[in-house]
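The values are calculated or read from the model by the stated rules, or taken from the named source; none is laboratory data. All figures in this text were calculated on a predicted structure; none of them were measured in a lab. We place every Cβ from the backbone using ideal geometry, glycine too, and count neighbours over all the protein chains shown. Ligands, DNA and RNA are stripped out before the accessible areas are found, and what is left, the full protein with its side chains, is counted by its heavy atoms. Shrake-Rupley method; radii C 1.70, N 1.55, O 1.52, S 1.80 Å.
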Amino acid sequence: MIRAALLSACGTPPTIAERPAPVPADGEVAVTVEAVPITPLDVLCASGTSYFGTPTTPYVPGVQGVGRLADGTAVWFGTSAGMKPGVDGSMATTVAVPAVDVVALPPGVPLTLLAALGLSAVAAHAALTHAGGLAAGEQVIVLGAGVWLARPPSSWPCSVAHAGSSPWPARPRRAPAPRS
């Protein structure tokens, strides 16, 4: 048995329940969940007002999360909980998800931080490393980052890739003093 958040009716808070441990079907993997964000899509589905229609209840909410495979590999995963009948989501101690919806993470990634950043961070990391070929030790210029942050969110995927980032590529020059 596993513990899970169970939504019994749309528009009501989930309750903690004991559920049978999921058994991965063909093409699925089991993930031991370590952290789960509550996303706007989770709230929308649970409200019963989603553009996917009213979900079949009861179900375990959670459209994404982070955890570990049986071999200890850290992963991010997505689910279609609340969007597809009969699919339980990430708000459980163990989940079974399609292997194609699982992204292996580099060693040492802080999973709670990655859960909070969610799919945006996973997509940025993939764009920087897989598509862009960013390697450890290389630098990335982050344009449009807020100057009030010690480490802007847009630089966090660089940290995951063990690369540096420069949120401020150039300091503005002082305007010349007005002449009389």
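ALA25 to THR112: FRET efficiency via 1/(1 + (r/R0)^6), r the Cβ-Cβ distance, R0 30 Å, to the nearest 0.05?
Efficiency computed from Cβ-Cβ geometry: 0.55.
Given points 7 Å out from each Cα along the Cα-Cβ axis, report the ARG3 to ARG68 separation in nanometres with one decimal.
In this crude label model, ARG3 to ARG68 measures out at 1.8 nm.
What FRET efficiency, computed as 1/(1 + (r/R0)^6) with R0 = 35 Å and r the Cβ-Cβ distance, is obtained for GLU138 and THR94, rounded to the nearest 0.05?
Here the calculated transfer efficiency is 0.40.
Once a ≥ b ≥ c are taken as the square roots of the eigenvalues of the Cα gyration tensor of the stretch 1-140, is the result rounded (a/c under 1.5), prolate (a/b larger than b/c) or oblate (a/b not larger than b/c)?
prolate
Which value, in Å² rounded to 10, gives the accessible area of SER80 with a 1.4 Å probe and all protein chains present?
Probe radius 1.4 Å; accessible area of SER80 about 40 Å².
Within 15 Å, Cβ to Cβ, of THR15, how many net charges do the neighbouring residues add up to if Lys/Arg are +1 and Asp/Glu are -1?
0
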